[in-house]
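Below is one structure, written out as structure tokens; comments come after it.
The values are calculated or read from the model by the stated rules, or taken from the named source; none is laboratory data. Just so it is clear, the model here is predicted, and its values are computed rather than measured. Cβ atoms come from the backbone with ideal geometry, glycine included; neighbour counts cover every protein chain shown. Please note that ligands, DNA and RNA were not included when accessible areas were found on the heavy atoms of the full protein model with its side chains. Shrake-Rupley method; radii C 1.70, N 1.55, O 1.52, S 1.80 Å.
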Amino acid sequence: MTSATATARSGRKPALGAWFLVLPALIPILVLSVGPLLYGIALALTDSQAGRTEPTQWIGTLNFRDLLHDTLFWESFRIGLLWAVGVTVPQFLLALGLALLLDQRLRLRWLARALAIVPWAMPEVVVGIMWRLAYNPDAGILNETIRDLGLGDGRDWLTGLATALPAVIVVGVWAGMPQTTVALLAGLQNTPHELHEAAALDGAGAWRRFCTVTWPALRPVALAITALNLIWNFNAFALVYVLTNGGPGGRTRLPMLFAYEEAFRYGQFGYAAAMGCVMVAVISVMLAFYLVGRLKGGDEK
């Protein structure tokens, strides 16, 4: 056996061993993510419907062409973007303030940190039911407080055309803030305190220390959690479904809710799959921008 042959075989063995180590994680991804995605793309190219006696036909891009002229879908898309941005931005700002507070040496800090993540531990369905009770026009705590303060008789927050989306956004911010807080708090704790002390000795105030020390160290975590929150919020379903079911008048009908209705209420599986493909494409663009930003940030360093 020549030395070149021995080297090639020895290189093959580690490669095979690496594949065996990766397979336990790769198989669930292929079965639960890649497989359904490919099936959804194939389904979007058919006229699949519920309860049909005729065989499903291959119709190419007809569903996507119909989708281009579906004003209801694009309206839901606009609402979805408003929801995603309207939840993600306040979520980040409030979580940043809370993380900065919880990073201080406070009494009972451990208790405050535990209470801060309580909404994260609650299922979305439970959160939705709880907030529906709070928004109840007759006996909800919000309207009761308004009446007790003499500010009016309150209103029906979840069925009003002007208040439904803002009311749901408030719930989304409250429910999603804990994981953002935890991520930012972890980033703050990885920032060396010596840098803050050195900046304080140089006469830097709190705001200047935040801009020159805290934020540069926190920026990678902030970008990552903001990108993930934007994607998660755009894909929201359960919380809005429990709160309003897309009403009133479609004012809170997110794209995921619209696709759900087309598939399981009207039985238009192929058309709903086309909607899902469009949403996957939008999310892929978001991820691409995020990854390009991370790569540029890494090159600058």
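Distances between placed amide hydrogens fall under 5 Å for T46 paired with I59, all partners being 5 or more residues away or on another chain.
Per residue, region 192-233 exposes an accessible area of 62 Å² to a 1.4 Å probe, with every protein chain left in place. Counted as membrane-span-like here are DSSP H helices of the chain whose alpha-carbon atoms extend 30 Å or more along the helix's own axis and whose Kyte-Doolittle mean is -1.0 or above; these are 3-29, 71-102, 164-189, 269-300. Taking label positions 7 Å along the Cα-Cβ direction at both L32 and W174, the computed distance is 3.0 nm, reported to one decimal. Per the Kirkwood formula applied to alpha carbons, region 141-227 shows a radius of gyration over Rh ratio, Rg over Rh, of 1.23. If you take the square roots of the eigenvalues of the alpha-carbon gyration tensor of region 1-154 and sort them as a ≥ b ≥ c, do you get rounded (a/c under 1.5), prolate (a/b over b/c) or oblate? It is oblate, given that a/c is not under 1.5 and a/b is not larger than b/c.
Label separation (V282 vs E75): 1.6 nm, computed from points 7 Å beyond Cα along the C-beta direction. Rounded, prolate or oblate for region 134-284? Axes are the square roots of the Cα gyration tensor eigenvalues, ordered a ≥ b ≥ c, and the cut-off for rounded is a/c under 1.5. The shape class here is oblate. Dividing the summed helix terms, -39500 (n - 2.57) for each DSSP H run of n ≥ 4, by the number of residues in the chain produces a 222 nm estimate of -22500 deg cm²/dmol to the nearest 500.
Computed on the Cα trace of region 199-259, the radius of gyration divided by the Kirkwood hydrodynamic radius gives Rg/Rh = 1.36. Rounded to the nearest whole Hz, the Karplus-based 3J(HN,Hα) values (6.51 cos²θ - 1.76 cosθ + 1.60, θ = phi - 60°) of region 149-158 follow the sequence 7, x, 9, x, 9, x, 7, 8, 5, 8, with x at glycine and proline. How high is the FRET efficiency from W215 to T53, r the C-beta distance, R0 45 Å, rounded to 0.05? Once the sixth-power term is evaluated, E becomes 0.15. Which of rounded, prolate, oblate describes the chain, given a ≥ b ≥ c as roots of the alpha-carbon gyration tensor eigenvalues and a/c under 1.5 marking rounded, otherwise prolate only if a/b is larger than b/c? Taking the square roots of the gyration eigenvalues as a ≥ b ≥ c, the chain is oblate.
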